[in-house]
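The values are calculated or read from the model by the stated rules, or taken from the named source; none is laboratory data. Given the structure is predicted, the values throughout are model-derived calculations rather than measurements. Here the Cβ positions follow ideal geometry from the backbone for every residue, glycine too, while neighbour counts run over all protein chains shown. Each accessible area value is taken on the protein alone, full model and side chains, heavy atoms only, with ligands, DNA and RNA left out. Shrake-Rupley method; radii C 1.70, N 1.55, O 1.52, S 1.80 Å.
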Amino acid sequence: MIKHLRSAADLDAATATLILDTAAEMAALAGREVKKLPALRGRTVVNLFYEDSTRTRISFEAAAKRLSADVINFSAKGSSVSKGESLKDTALTLQAMGADAVVIRHSASGAPHRLAEWVDGSVVNAGDGTHEHPTQALLDAYTMRSRLGRLEGLRVAIVGDVLHSRVARSNVLLLSTLGAQVTLVGPPTLIPVDLPEKLQVSYDLDSVLPDSDVVMMLRVQTERMQDSYFPSAREYSRRYGLDVPRLTKLPEHAIVMHPGPMNRGMEIAPEVADSPRSTIVEQVANGVSVRMAVLYLLLGGK
Amino acid sequence: MAQPRADAPSKIILEGADLSRVVDRIAHQILEKTSGATGTALLGIPTRGVPLAHRLAARIQAFEGVEVPVGSLDITLYRDDLRLQATRALGRTELPPGGIDGLRVILVDDVLFSGRSVRAALDALKDLGRPSSVQLAVLVDRGHRQLPIRADYVGKNIPTALSESVRVAVTEVDGADEVRLIGGLQ
Amino acid sequence: MAYLLKGVSILGGSPTDLLIHDGVISDKTDGNAEVIDAHGLVALPGLVDVHTHLREPGREDAETVQTGSRAAALGGYTAVCAMANTSPVADTAGVVEQVWRLGREAGLVDVQPIGAVTVGLAGKQMAELGAMATSAARVRIFSDDGFCVADPKMMRRALEYVKAFDGVIAQHAEEHRLTEGAQMHEGEVSTRLGLTGWPAVAEEAIIARDVLLAEHVGSRLHVCHVSTAGSVEVLRQAKARGVRVTAEVTPHHLLLTDEKASGYDPVFKVNPPLRTAEDVAALRQALLDGVIDVVATDHAPHAVQDKECEWAYARPGMLGLETALPILLSVFGEKWDLIADRMSVAPARIAGLAGHGGDLTRAGTPANLTLVDPSARWVVDPGQLASRSRNTPYAGMTLPGRIVATFLRGEATVLDGKVVK
Ligand SMILES: [Zn+2]
Ligand SMILES: [Zn+2]
């Protein structure tokens with residue numbers, strides 16, 4: 001088993017599949033009367049959050065607690081972090097506290113890589129800058145697999161602000177590892193200029209939809225408009241928003257995903273977000289199972 | 001516990017038809033002790049306890065026409081030796097559709113040794129429901145208990161040395177039925 | 001003090017004896033000269049760096065004129081040009097004279113201050129370039145390095161103004177609107193690492209503009225740390241047209257690529273950023289062709305806390321003085337004429353440093369020289385460097401060539417690989 005989960009690139013196909021299979025067992029256990037499992041009793045998991053993300057923190061916290069780990073939340077607010085203590089000094093503190101795993105969310109790309117050099121425990125990337133968010137990609141893959149039965153050969157369109165999206169980066173890596181075909185869709189300003197050759201790129205959402213099994217809509221921040229990535233929210237939404245007419249262009253079986261939080265009316269119409277094809281609520285539930293699987297596999301053995 | 005080396009000498013204890021006869025015997029014992037296996041469920045402990053539980057259910061059905069619900073109970077997350085080994089993959093936990101509350105649950109495992117697996121299984125079971133009673137069926141009891149645990153149904157007692165190990169193979173998992181004693185024959 | 005270098009090889013030539021007497025190369029004899037067995041050692045004119053950050057005044061925790069001078073002497077340098085982005089900024093005669101005086105006090109290399117082009121490097125108001133030129137520091141190179149002189153009108157005026165005292169504007173070419181938030185070279189690696197890209201065109205666009213401006217007003221332009229193949233092409237064409245432009249490349253841009261960012265260790269963060277293997281190849285060829293005139297270190301010491309942090313928060317820059325010559329040897333091999341020209345003769349000419357980069361075979365040449373053992377191999381250990389900082393990107397690398405001795409106007413500053421004072 002790997003020691004850290006810093007990037008989806010840390011996972012080969014066998015390890016990624018093991019995580020998804022383990023998550024499925026965890027999900028099966030979630031419905032029971034007693035939700036706590038004793039596997040990580042005596043282990044300490046620290047949630048080190050430099051960015052506000054209640055959803056992700058709660059998801060990791062629930063996962064760690066269901067496995068009976070001790071959880072310490074170390075958030076930027078009201079701690080020494082906000083007083084300008086360096087990441088290295090914080091790492092040494094966590095080390096002294098005996099953290100077996102540190103779940104880190106940080107606005108700087110690569111912060112988990114730095115942290116892993118300074119602590120002995122496992123480091124789990126819960127989102128770093130515009131780099132990656134590997135557990136999001138795992139829960140997305142889990143959701144696709146449970147809805148569509150497979151990942152190999154799936155045609156996945158990732159639509160929107162690919163340039164700044166850590167979700168997109170992790171999904172591209174993981175889905176490629178697991179044999180899915182990814183097409184990136186968005187305005188050219190929001191697609192990176194240099195991409196690995198195997199990736200498909202399209203600037204035309206309508207032409208991609210009929211050949212997609214999965215459409216993953218990315219959150220688009222309106223600040224991008226001020227920075228001239230696109231002229232207006234209206235134009236963006238007309239060209240790249242998923243509305244009801246576009247939904248009908250998808251094959252019957254196709255699903256619609258969104259990592260949240262959504263800008264309803266911008267990249268996704270409310271009717272689409274609430275349609276039976278949308279997996280948005282499932283994604284949240286699956287997040288806990290997937291994170292339980294990750295924590296168990298990183299910390300459950302010697 | 002020291003494991004014998006892979007190339008250690010070994011001896012076959014049970015094979016093919018012998019193993020089937022042992023399963024038949026356990027099935028008969030269960031019918032006898034549980035007055036016809038009513039109100040009973042079988043829970044196999046992965047990996048090889050699960051096919052054994054299914055075989056027992058099939059034999060009971062064949063002998064008496066009683067349908068006994070079967071499930072599986074993975075104990076990995078409840079083991080007390082998780083940290084001593086590399087991370088283990090999880091097995092499946094699948095209760096019978098009606099659950100286990102109020103039933104007599106018979107845990108099925110391949111080998112009874114220290115008793116720690118059974119203890120973990122009892123812990124797992126208590127998080128899953130409230131059976132009226134719990135019994136234990138094993139294909140092989142090789143002794144060396146570390147806990148006050150005994151089996152209600154034993155296919156075969158095999159006295160062993162601690163340096164030896166017992167390996168059970170079943171057709172569903174391994175492609176053949178066989179019980180082998182490994183090591184310690186010099 | 002006189003030194004007799006027995007059996008030394010001047011620029012790789014056959015062994016000869018070289019007498020240093022009264023601060024110059026001498027063709028006389030001196031029975032009292034200290035004899036140095038220089039068999040197997042190569043004599044080069046003392047190296048000249050047109051781009052060094054000594055951090056004093058202001059960040060003496062990262063480097064001082066004294067520690068930077070030691071590092072320079074150990075690297076074979078006899079002169080360094082100290083960049084103006086200190087605190088306070090070297091934008092007045094007072095500050096440049098302070099730096100110049102500190103250099104004299106250290107006495108290990110000639111520290112030639114560079115003056116800021118604009119007040120506070122802010123790009124708004126021209127600094128008193130004339131006052132700096134006529135100060136004791138006799139400033140000839142002016143640069144806002146760290147920042148680009150972005151305003152084309154300001155750049156034009158500065159280029160014109162310094163003609164009065166034969167000055168040169170050294171431009172840090174970076175179109176800042178294209179590099180907002182930039183962390184590394186924009187390319188496949190930046191896409192993978194999720195770090196905001198610094199596109200090559202941001203450098204090339206400014207160089208293209210500036211050579212046109214220099215051509216228009218007939219002024220001298222020097223381009224700092226050229227880092228892309230596209231910049232090389234712009235320079236090649238400008239030089240072919242006769243534009244008075246010179247250019248430098250750093251050792252790190254001749255050796256390292258953007259792949260080094262993969263582990264997010266900010267020791268590899270530098271501005272301009274490490275580029276691709278194709279850029280490295282083009283820069284090497286340009287240095288061989290003379291399209292790029294000189295190697296400059298852009299020696300940029302940083303305190304530990306400014307590098308032991310997240311990549312995005314780290315300051316850009318790398319140490320260079322003590323490793324420059326070994327890096328050149330490892331990239332080009334023992335091309336002594338090339339090394340002497342690009343690391344001593346041409347930089348001395350650009351910086352207007354008479355007395356440096358002289359001909360060691362001629363009697364009367366000021367004795368600014370360094371002795372290199374080309375057969376020595378050494379492992380870079382950040383803790384062993386003379387610089388006050390540790391941010392070398394070459395830690396753990398085995399490099400060829402060790403500086404054995406350095407002489408400044410006939411006085412040894414380094415002997416047996418150790419600083420004399
Ligand atoms: Zn610069
Ligand atoms: Zn510089």
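Data table
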{"read-out": "Nonlocal amide H pairs with C:LEU54, under 5 Å, H built at 1.01 Å", "value": "C:MET83"}
{"read-out": "Inter-chain Cβ neighbour average for residues A:107-118, partner chain, 10 Å", "value": "6"}
{"read-out": "Lys pairs, chain C - Cα-Cα below 17 angstrom, 8 or more residues apart or on other chains", "value": "6"}
{"read-out": "Charge dipole magnitude, Cβ of K and R +1, D and E -1 - region B:22-162, Cα centre, debye nearest 20", "value": "380"}
{"read-out": "Karplus-derived HN-Hα couplings along region B:124-138 (A = 6.51, B = -1.76, C = 1.60, θ = phi - 60°), whole Hz, x at Gly and Pro", "value": "4, 5, 5, 7, 9, x, 10, x, 6, 7, 10, 10, 10, 10, 10"}
{"read-out": "P(r), alpha carbons of chain C - 20 Å bins starting at zero, rounded %", "value": "29, 60, 12, 0"}
{"read-out": "Under-5 Å amide H pairs with B:ASP177, H placed in peptide plane, nonlocal only", "value": "B:GLY16, B:THR171"}
{"read-out": "Accessible area buried, both sides summed, chains A and C with 1.4 Å probe, Å²", "value": "1500"}
{"read-out": "Calculated P(r) of chain A - Cα pairs past 30 Å, %", "value": "32"}
{"read-out": "For A:GLU282, solvent-accessible area (1.4 Å; no DNA, RNA or ligand), Å²", "value": "60"}
{"read-out": "Extreme residue, positive dipole direction of region A:86-200, given options A:LEU151, A:ALA91, A:ALA137 (C-beta unit charges)", "value": "A:LEU151"}
{"read-out": "Region C:173-227 and region B:131-186: distance between their alpha carbon centers, rounded to Å", "value": "73"}
{"read-out": "Candidates C:ALA137, C:ALA395, C:ALA261: whichever shows maximal mean-square fluctuation once chain C is modelled as a Gaussian network with Cα springs under 10 Å", "value": "C:ALA395"}
{"read-out": "Cβ crowding within 10 Å averaged over residues, with A:203-210, B:132-139 ranked highest first", "value": "B:132-139, A:203-210"}
{"read-out": "Sulfur and carbon atoms: percent of accessible area, chain A [1.4 Å]", "value": "49"}
{"read-out": "Solvent-accessible area lost in complex, 30 Å² minimum, residues of region A:1-48 relative to chain alone, 1.4 Å", "value": "A:GLU25, A:LEU29, A:ARG32, A:GLU33, A:VAL34, A:PRO38, A:ALA39, A:ARG43"}
{"read-out": "Shielding by other protein chains, B:73-86, mean Cβ within 10 Å", "value": "4"}
{"read-out": "List of region A:269-302 residues, accessible area with partners at least 20 Å² below that of the chain alone (1.4 Å probe)", "value": "A:TYR296, A:LEU297, A:GLY300, A:GLY301, A:LYS302"}
{"read-out": "Probe 1.4 Å, protein heavy atoms only - accessible area per residue of chain A in square angstrom", "value": "39"}
{"read-out": "Lys/Arg +1, Asp/Glu -1 at C-beta; region C:45-356 dipole; positive extreme among C:GLY181, C:ALA348, C:ALA62", "value": "C:ALA348"}
{"read-out": "GNM top mover of C:ALA33, C:ALA346, C:ALA247 - chain C, alpha-carbon springs below 10 Å", "value": "C:ALA33"}
{"read-out": "Hull volume in cubic angstrom per residue (convex hull over the Cα atoms of region B:1-81)", "value": "137"}
{"read-out": "Intensity falloff of region A:33-115 expressed as log10 I(q)/I(0), Debye formula with alpha-carbon point scatterers, at q = 0.11, 0.12, 0.19 Å⁻¹", "value": "-0.30, -0.35, -0.83"}
{"read-out": "Rounded accessible area per residue of chain C, 1.4 Å, Å²", "value": "36"}
{"read-out": "Surrounding net charge for A:HIS258, when Lys and Arg each add one and Asp and Glu each subtract one, Cβ distance under 12 Å", "value": "-1"}
{"read-out": "Sequence of A:LEU40, B:LEU122, A:LEU247 from largest to smallest accessible area, 1.4 Å probe", "value": "B:LEU122, A:LEU247, A:LEU40"}
{"read-out": "Accessible surface of region B:22-162 [probe 1.4 Å, protein heavy atoms]: carbon and sulfur percent", "value": "48"}
{"read-out": "Placed amide H near B:GLY44: partners under 5 Å, 5+ positions off or other chain", "value": "B:GLY71, B:SER72, B:LEU73, B:VAL108"}
{"read-out": "Other protein chain Cβ atoms within 10 Å, averaged over every residue that makes up A:191-203", "value": "3"}
{"read-out": "Whichever lysines have a C-alpha closer than 20 Å to that of A:LYS198, once near sequence neighbours (fewer than 8 apart) are set aside", "value": "none"}
{"read-out": "Solvent-accessible area per residue, Å², over chain B with all protein chains present [probe radius 1.4 Å]", "value": "48"}
{"read-out": "Distance between region A:109-154 and region B:43-88 - C-alpha centres, whole angstrom", "value": "33"}
{"read-out": "Ellipsoid equivalent to chain B - semi-axes via the Cα gyration tensor, in Å", "value": "26, 20, 14"}
{"read-out": "Accessible area of region C:45-356 belonging to carbon and sulfur atoms, whole % at 1.4 Å probe", "value": "51"}
{"read-out": "Base-10 log of normalised Debye intensity for region A:169-302 (one unit scatterer per alpha-carbon) at q = 0.13, 0.18, 0.20 Å⁻¹", "value": "-0.63, -1.13, -1.32"}
{"read-out": "In Å², nearest 10: area of B:THR87 left accessible to a 1.4 Å probe", "value": "40"}
{"read-out": "Protein heavy-atom accessible area occluded, B/A pair - total, 1.4 Å probe, Å²", "value": "1700"}
{"read-out": "Alpha-carbon Rg with Dmax, taken over the protein assembly as shown, Å", "value": "36.4, 122"}
{"read-out": "Area of C:LYS153 that stays accessible when all protein chains are in place (1.4 Å probe, Å², to 10)", "value": "130"}
